[in-house]
1. I'm trying to understand the selection: among the residues of the stretch 226-249, which are closer than 30 Å to Ala259 by Cα and surrounded by fewer than 20 Cβ atoms within 10 Å (Cβ to Cβ)?
2. Regarding the stretch 216-225, can at least one residue be identified that is touching a helix residue (DSSP H, G or I) at 6+ places or on another chain (Cβ under 8 Å), among the hydroxyl-bearing types (Ser, Thr, Tyr), crowded, with 19+ Cβ neighbours inside 10 Å and more than 24 Å from Ala14 (Cβ to Cβ)?
3. Confirm whether Glu329 is acidic (Asp, Glu) and within 30 Å of Ser192 (Cα to Cα).
4. Looking at the stretch 313-320, is at least one residue touching a Ser or Thr at 6+ places or on another chain (Cβ under 7 Å) and over 26 Å from Val160 (Cβ atoms)?
5. So Pro53 fits all but one of (1) at pLDDT below 95; (2) over 19 Å from Ile186 (Cβ atoms); what number is the exception?
6. If you check Gly91, Gly77, Gly125, Gly108, which single one turns out to be in the same structural domain as Gly188 (by TED's automatic domain parsing) and touching a Ser or Thr at 6+ places or on another chain (Cβ under 9 Å)?
7. Condition first: surrounded by 18 or more Cβ atoms within 10 Å (Cβ to Cβ) and in a helix (DSSP H, G or I). Can you find one or more residues in the stretch 4-14 that meet it?
8. Could you tell me which of the residues Gly77, Gly91, Gly84 is out of contact with any helix residue (DSSP H, G or I) (no Cβ under 6 Å at 6 or more places or on another chain), small (Gly, Ala, Ser), without any contact (Cβ under 8 Å) to a residue 40 or more places away in the chain and more than 24 Å from Lys336 (Cβ to Cβ)?
Amino acid sequence: MTGIGAISSLAATAPATWQRIVGGETGIRRAPDLDPAQHPCVLRGDVDRATLPQRFLKGKAIRNASLFSRMAVEAAGEALLDAGLLDESFGPKIDLTAAGAAFGSCVGGVYDELIPAHETFLTRGTSRVPPHLHVMFPHNLAAYTVQQRFGMGGPSSTVVTACATGAQAIGDGFHAIKYGHAPLMIAGAAESTSHPLFQAGFAAMRALVTDSNDNPDGASRPFDATRAGFVLGEGAAMLVLEDLDHARARGARILVEIAGFATSNDAYHPIAPQPEGEGAARAIRSALADAGVTPDEIDHINAHAASTPAGDVAEARAIHLVFGERAGEVPVTSVKGAIGHCMAAAGALETVVAINTLVEGRIPPTRNYHTPDPEVNLNIVGNVAQEAEISIMTKHSFGLGGQNACLVLRTYQEA
């Protein structure tokens, strides 16, 4: 990995997002458009639209891009700048024709573009349907927008695997390079989730926290015994992934390495995780095998842990299955108390956090962890960041439909 970019409810850049997460802050707030008479949870981790940069798209291009695509372009541009691949005018310094994109989004522009267009169609007729509708809402338009803007003509994919999407997109980008399909990939995910209908769907599922509308700061509490559901978030995160020889040839600064990746499916239930964590454990074991490392070599776990009663325990059991007696020793964190559950973008944003953890040797805190849950029984890094020497770690992402994804990351050491 040679560059990172991010947009979250905490900040519009990767460095600021990291500093606020590691400092224990949260971007979860009361959402002004959610009526408590209609919504049992009125909290969200929204991106501040007023501070969203607009550096890479102008005029018609920005008008015809949905919000998720605009966030993807900004995060991708930041990552390319961070990697030293763009000049002062934001043009590529090198030929990126062979470079590709591995992206993901759960909802694309469905809520921001398709639903409003449908309402227009019903009230004003076909003549008022936006002419660019079908090149705004589809999920793959974020990848297109980035690849077109920066001249990246290589492999292109967009995955939709619920809350595992971001980690899977990064893993797919990693494998595209590992198996020789491209020398450079930009990988990550973007999600715009502020439409009230999106919130209502999870409320109907009884997945959202409903006991903290007057206490947004304490609403999301991963692994804590009092956890009662998640808070929606949104944002985008992008990573520049390069073949080692390609990165060395251009004198790139290398942040960390992706060592392994794998996915699995619980094959159990569309909403509930497999209670014993067996499906998640398969993904973790397979990712470790892909990396050629053993569980004993893992120094830290950046967990999925969304603050749900069933999900956090299932993940904890998966960790116990894989790590055995060491499960209670390896430091574990979840940052969803800081940014909310950002759906597709969750795994991507949390991978940005994991990269900074490896680079700086600081594990960010699991916010609101006060009451240990005996069913979890893990070494949770709670409330205050922890200094640590970390060489190899895992990043977990699990989602609806039984989706599981795991990345193995390690510090880069010059041979």
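1. Asp243, Leu244, Asp245, His246, Arg248, Ala249
2. Checking the stretch 216-225: not a single residue is touching a helix residue (DSSP H, G or I) at 6+ places or on another chain (Cβ under 8 Å), among the hydroxyl-bearing types (Ser, Thr, Tyr), crowded, with 19+ Cβ neighbours inside 10 Å and more than 24 Å from Ala14 (Cβ to Cβ).
3. No: the conditions fail for Glu329.
4. Here is the first cut: in the stretch 313-320, the ones touching a Ser or Thr at 6+ places or on another chain (Cβ under 7 Å) are none.
There is no residue in the stretch 313-320 that is touching a Ser or Thr at 6+ places or on another chain (Cβ under 7 Å) and over 26 Å from Val160 (Cβ atoms).
5. It fails just one condition, (2).
6. Numbers: Gly91 fails: touching a Ser or Thr at 6+ places or on another chain (Cβ under 9 Å); Gly77 fails: touching a Ser or Thr at 6+ places or on another chain (Cβ under 9 Å); Gly125 fails: touching a Ser or Thr at 6+ places or on another chain (Cβ under 9 Å).
The conditions single out Gly108.
7. Step one: filter the stretch 4-14 for residues surrounded by 18 or more Cβ atoms within 10 Å (Cβ to Cβ), giving 4-14.
If we keep only those that are in a helix (DSSP H, G or I) too, we end up with 14.
Taking every residue of the stretch 4-14 in turn, at least one turns out to be surrounded by 18 or more Cβ atoms within 10 Å (Cβ to Cβ) and in a helix (DSSP H, G or I).
8. Numbers: Gly77 fails: without any contact (Cβ under 8 Å) to a residue 40 or more places away in the chain; Gly84 fails: without any contact (Cβ under 8 Å) to a residue 40 or more places away in the chain.
None of the others qualify; the one that does is Gly91.
The values are calculated or read from the model by the stated rules, or taken from the named source; none is laboratory data. Fair warning: this is a prediction, and the values are worked out from it, not measured in the lab. Counting neighbours? That spans all protein chains shown, and the Cβs are built from the backbone with ideal geometry, glycine included.
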